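The structure appears right after this line, and notes come after that.
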Amino acid sequence: MINKVTLIGNLGGDPEIRHLENGTAVGRFSLATNENYKDKEGNWQKQTEWHNVVVWRELADRAEKQLKKGMMVYVEGKISYRKYSGQDGVERNVTDIVANTLRILEKLEGSGSDSRFPAADQQMRSTGGSTMPADAPPPAAEGDDLPF
């Protein structure tokens, strides 16, 4: 089974970072993605979808230091659903994207790079406690026993 989401969009605001009692950092930010299409009259329409993104630990620390409202970012992670009761007692459903990869898709201040996309050594992702470049190929599977 797979639960994987890939988004490229712009931050709707600066990330909100907090620390749990045990010191673990958790951050939240909204991400806008746009889709352009022609309606039945042939006019171009733009549809914006808003996503709630959650980042944990090192990604939350990095988001706090580097992300600002309006920045374009690449986010990879999984969909997570949760319920909670508001102060008014009404139960609400929330859909979050829990990110495990985050890459800034624009020039960082002071990087000295002319490229809109930072070099791989500037952008790292954390996966299961290990750190690897965001654009590194996935590890090779042992054996080729694929069912197709």
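Each reported figure results from applying straightforward, stated rules to the coordinates on display, with no laboratory input. As the structure is a computational prediction, the values presented were derived from the model and not from experiment. Quick reminder, even Gly has a Cβ in these numbers, built from the backbone with ideal geometry, and neighbours come from all protein chains shown.
log₁₀ I(q)/I(0) of region 1-103 at q = 0.12, 0.25 Å⁻¹, via Debye over equal Cα point scatterers, no solvent, to two decimals? For region 1-103 at q = 0.12, 0.25 Å⁻¹, log10 I(q)/I(0) is -0.48, -1.30. Under a model in which nothing but the beta-carbon of Lys, Arg (+1) and Asp, Glu (-1) is charged, region 1-100 shows a dipole of about 140 debye around its Cα centre. Given a cut-off of 32 Å, name the pairs among Lys4/Lys46; Lys40/Lys69; Lys38/Lys65; Lys4/Lys65 whose C-alpha atoms lie farther apart than that in the structure shown. Those over the limit are Lys40/Lys69; Lys38/Lys65. Amide hydrogen proximity for Gly12: with H placed 1.01 Å from N in the peptide plane, the residues at 5 or more positions away or on another chain lying under 5 Å are Ser30, Leu31, Ala32, Gly70.
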